[in-house]
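**Student:** Below you will find the structure I want to go over with you.
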Amino acid sequence: MNHENSYTEMMKSTAMQKHLGKETFMVELYVDMMLQEALLKNEKDKILVKIDEALDQRNEENFHHYCKQLQEITQQFGT
């Protein structure tokens, strides 16, 4: 009995592997985007807390410094 795959079966297998490869890539890309967004949100939240603290302490120098950081992040990531 011959256990070799037919040409059609091999082509189907190759097509399925390509399809799964594309799906894997998309899932990895989506996960990376979600992680980057979470990190960005976390960084922005930290800066906003520092801005609030600077306002509470009436520290104009820190306020401007942290506002500049927030603007840079916003420009860099467009959020």
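Computed from the coordinates by the stated procedures, all read-outs in this text should not be read as laboratory data. Fair warning: this is a prediction, and the values are worked out from it, not measured in the lab. As a convention, Cβ positions derive from the backbone with ideal geometry for all residues, glycine included, and neighbour counts pool all protein chains shown.
**Student:** May I ask for the angle, rounded to the nearest 10°, between helix 7-56 and the longest principal axis of the chain, with both axes built from Cα atoms and the value confined to 0 to 90°?
**Tutor:** Roughly 10 degrees, rounded to the nearest 10.
**Student:** Between helix 60-77 and the chain, what is the angle of the helix's C-alpha long axis to the longest principal axis, kept within 0 to 90° and rounded to the nearest 10?
**Tutor:** Compared with the principal axis, the helix lies near 20 degrees.
**Student:** What is the distance, in nm, between label points placed 7 Å from the Cα along the Cα-to-Cβ direction at residue 8 and at residue 77?
**Tutor:** 5.2 nm
**Student:** Exactly which GluC sites (Glu not before Pro) in the chain are in a DSSP loop and have at most 15 other Cβ atoms within 10 Å?
**Tutor:** 4
**Student:** Kindly count the pairs of lysines across the chain whose alpha carbons are less than 20 Å apart, treating pairs on different chains or eight or more residues apart as eligible. Walk me through the numbers before you get to the answer.
**Tutor:** On the way: 12/22; 41/50; 41/68; 44/68; 46/68; 50/68.
Lysine pairs, 8 or more places apart or on different chains, close enough: 6.
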